[in-house]
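Colleague: Before I ask anything, let me first share the structure, which is written out below as structure tokens.
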Amino acid sequence: MNMREITYRQALNEALTEELARDPNVFLMGEEVAEYKGAYKVSQGLLERFGPKRIIDTPISENGFAGLGVGAAMVGLRPIIEFMTFSFSFVAFDQVVNNAPNMLTMSGGQFNIPITFRGPNGPAHQLGATHSHATECLYANVPGLKVCTPATPRDAKGLLKTAVRDNNPVLVLESELLYSSKGMIEPAEMELLIPLGQAEIKREGSDVTIVCYAQTVALALAVAEKFEDEDISAEVLDLRSIKPLDERAIYDSVAKTHRVVIVEQDRPFCGVGAEVCYRIQKNIFDELDAPIGRVSQEDVPMPYNERLEKAVLPNEEKLIAAVKKVCYA
Amino acid sequence: MQPAEQRDEVEMLWLMLLIRRFEERASQQYQAQKIGGFCHLYIGQEAVVTGAIAAIRFDDYIITAYRDHAHALARGTSANACMAELFGKDTGCSRGLGGSMHFFDKEHHMYGGHAIVGAHVPLACGLAFACKYRNEDRVTLCFFGDGAINQGSFHEALNLAALFKLPVIFICENNLFAMGTSVERSTSLKQIVDRAEGYDIPGCVVDGMNFRHVRDTLSEVVESIRKDPHPAFVEARTYRYRGHSMSDPASYRTKDQLEKYRLDDPITRLRAQLTREGKLTNEKFDELDKEAKQIALESVKFAEQSDEPPLEKLYDYTYANSGVEAGVSPATKDSAADTAAATK
Ligand SMILES: Cc1ncc(C[n+]2csc(CCOP(=O)(O)OP(=O)(O)O)c2C)c(N)n1
Ligand SMILES: [Mg+2]
């Protein structure tokens, strides 16, 4: 098989193109998605190919068009709703959190909502407090929503395609900082579907497991490499989906390494790491040789200043310290 | 600072020049990567904020969106504090924590710099509500773009303002585009000002490239609100010369359109008006411009030389001092005792 190298942005574009071509019920709607080709150029070429009926620019009305998506999904369309960033999804919070995930239960199973909400999520670079939210923990907290966080072009394509086909509301949380990153992927003509709820070992190791996702995967890989020189073999486990969570993969890895550090891009309080940590100690406590380590953002609104922003975010230094601590190194 | 009524037009021309020269410097510093994040320039729209400021008192309130450098400068925030904010320095108007989109200056009654489109429109109602609540005759000016009028928060705010008769002026800076989306592609109405009618709020259109038109219209509106509090809506027709933000090449619009507005430049226009009336000489204009350029240049030096916000202060602004006496309050103490007793 001839693997090829593409960007994360291209991968998403391929996923959108393929799903739009496959199913006429699929449409893409959001701010600047059509004529501007997406604020981050993810929807390049889609308007030309699929036309304005299916690639739809909206006014700045997140609550309105997210709700329109939910309504359309009630009667069988499969909307892909783009948030220019997930920081703006808060304007549509009621639709994403109340309408989309509750409908199936409230209607006694009559109305499932096959909708995809996608767009960049998490801090980018110096965008300040309003524009830097990592929303995965908020949305993963809501029963009825599925949340995935692709870190590589391959995962971005495979997960987005799966999300569009899923009969439930799925959030595909992309990352502005990853759009231009490159990675290997199957040939274009091969169908690539990556199931939700399937983590992936991005690097094998035997001494410590670093659980990561989205923007923290590259960080974990870089740190794992550094530890090679110190004879600490780190396994890098990319969750890929936050919900459903691949507990099996986590336990298998921890049962092998007996030490674990979680590095998340969101905030510590009630964050993704807290949930993963609870499950590990509850289910395989005896496998642990050290307390679980965690690196996340500082618990503050994001400062604009570059140096302070760096201090808030997870970084190599913090992750190295956390790994050393659980390895008693 | 002079009360607005007495501020002369030459001074206001100087303010427009300061705003423009400041932003030209900011643009240059952004390109030199001294400024991070998003940065939206106001160049071309200067007559709107200066005209509006010339119509109010210093103790009136203003609030705006993320294209906010001009609003702070117009209010009296120093160029130094503005540039330092862009540089993320401790001496910035938001201590380097807010950045370009989040300028705040309590002392000058500038209530932000808000980066979520439409989110600050209800805040303006709150400011105005507080003024009315306290029987003050201040007005609140709320600036926002043509893109904001399709947010739910905008509609809810207008209804509240009308219902509660709040002393707030909604000023829509219609520069024809919200990012790459033209008003015709975003808004169901032919005229933005017609939105106000649906809420029974009096509305008018001003030429946002004409300082005097903005000032005179706003002055009338302000006077009527001071007598009897009520909301008003002003659509200012204007244009931004630059892209939406520093990273936008603005390929969705034509050169001709840009040229048309450039020919109608607000600074050139006021200069011509004043010159014609014998209130301004070319020498005086050059002097004003030189001064504005100098202040902008100095602000860069000031920003460069300022300190970064200290790392130790990272947690200082997450919560305000609770204002509640430390220790367990009597009520909690009692209930703690109850619990202890109950578990015995
Ligand atoms: C809720 C929300 N959605 C989207 C954005 C992204 N965004 C920032 S500015 C902008 C365009 C706003 O245009 P307009 O209101 O006309 O103001 P202008 O930029 O022309 O001053 C958009 C879509 C945002 N900041 N907030
Ligand atoms: Mg606009």
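We did not get these values from a lab; they are worked out from the coordinates using the rules stated. Treat the numbers as computed from the prediction; the structure is a model and nothing was measured. Positions of Cβ are generated from backbone atoms using ideal geometry, with glycine treated the same way; all protein chains shown enter the neighbour counts.
Colleague: With a ≥ b ≥ c taken as the square roots of the eigenvalues of the C-alpha gyration tensor of the stretch A:4-185, please select rounded if a/c is under 1.5 and otherwise prolate if a/b is larger than b/c or oblate if it is not? Numbers along the way, then the final one.
Modeller: Working: a/c = 1.44, a/b = 1.20, b/c = 1.20.
Rounded, because the longest to shortest axis ratio a/c is under 1.5.
Colleague: Does the stretch B:90-196 come out rounded, prolate or oblate, given a ≥ b ≥ c as the square roots of the eigenvalues of its C-alpha gyration tensor, rounded meaning a/c under 1.5 and, failing that, prolate meaning a/b above b/c? Present the calculation step by step, with values, prior to reporting the outcome.
Modeller: Values: a/c = 2.55, a/b = 1.16, b/c = 2.20.
Judged from the Cα gyration tensor, the stretch B:90-196 comes out oblate (a/c at least 1.5, b/c at or above a/b).
Colleague: Continuing with the same structure: Stretched out fully, how many nm does the piece from A:Ala21 to A:Asp252 gain, at 0.36 nm a residue minus the Cα gap?
Modeller: Extra length from A:Ala21 to A:Asp252 when fully extended: 79.3 nm.
Colleague: DSSP beta bridges in the stretch A:200-326, what fraction antiparallel, as a percent rounded to 5?
Modeller: Of those bridges, close to 20 percent are antiparallel.
Colleague: Now, a different point. Label-point separation (nm) for B:Ser322 and B:Asp256, each offset 7 Å from Cα along Cα-to-Cβ?
Modeller: The modelled label-to-label distance comes out at 6.6 nm.
Colleague: Rounding to the nearest 20 debye, state how big the charge dipole of the stretch A:1-118 is about its Cα centre with +1 on each Lys and Arg Cβ and -1 on each Asp and Glu Cβ. Intermediate values should be presented prior to the final figure.
Modeller: Working: 10 positive and 13 negative charges, 47 e Å.
Taking the Cα centre of the stretch A:1-118 as origin, the dipole is about 220 debye.
Colleague: Once the convex hull of the alpha carbons of the stretch A:200-326 is built, what does its volume come to per residue, in cubic angstrom? It would help to have the intermediate numbers written out before the result.
Modeller: Working: hull volume 12.4 nm³, N = 127.
Residue-normalised Cα hull volume stands at 98 Å³.
Colleague: Using only the alpha-carbon atoms, how far is helix A:247-257 inclined from the longest principal axis of chain A? Give it as 0 to 90 degrees, nearest 10.
Modeller: 20 degrees
Colleague: For helix A:153-165, what angle does its Cα long axis make with the longest principal axis of chain A, in degrees from 0 to 90 and rounded to 10?
Modeller: Tilt relative to chain A: about 50 degrees.
Colleague: Check cross-link reach from B:Lys106 to the lysines: straight Cα distance under 24 Å, and skip same-chain residues fewer than eight apart.
Modeller: Cross-link targets: B:Lys89, B:Lys132, B:Lys313.
Colleague: What is the helix-to-structure angle for B:266-276, meaning the angle in degrees between its Cα long axis and the longest Cα principal axis of chain B, kept from 0 to 90 and rounded to the nearest 10?
Modeller: 50 degrees
Colleague: Give me the net charge for the shell around A:Asn25: Cβ to Cβ below 13 angstrom, other residues only, Lys and Arg +1, Asp and Glu -1. Before the final figure, lay out the partial values.
Modeller: Values: positive: A:Arg22, A:Lys53, A:Arg54, A:Arg78, A:Arg165; negative: A:Glu19, A:Asp23.
Here the charged neighbours net out to +3.
Colleague: If you don't mind, another one. When the Kirkwood hydrodynamic radius is evaluated over all pairs of different C-alpha atoms of the protein assembly as shown, what value in angstrom, to one decimal, is obtained? Spell out each step's value before the answer.
Modeller: Values: mean 1/r = 0.0368 Å⁻¹.
Computed over the protein assembly as shown, the radius equals 27.2 Å.
Colleague: Please give the contour-minus-distance gain from B:Asp200 to B:Ala32: 0.36 nm per residue of separation, less the Cα-Cα distance, rounded to one decimal in nm.
Modeller: On the way: separation 168, 0.36 × 168 = 60.48 nm, distance 4.84 nm.
Stretched out fully, the B:Asp200 to B:Ala32 stretch lengthens by 55.6 nm.
Colleague: Short version: ³J(HN,Hα) in whole Hz for each residue of the stretch A:263-273, in order, from phi by Karplus 6.51 cos²θ - 1.76 cosθ + 1.60 (θ = phi - 60°), x for Gly and Pro, what are they?
Modeller: Karplus values, whole Hz, x for Gly and Pro: 10, 10, 9, 9, 8, x, 6, 6, x, 4, x.
Colleague: Still on this structure, I have one more. Taking the Cα centre of the protein assembly as shown as the origin and placing charges on Cβ (Lys, Arg +1; Asp, Glu -1), which of B:Leu314, A:Ala321, A:Ala39 is farthest toward the positive end of the dipole?
Modeller: Sorting the options by dipole projection puts first A:Ala39.
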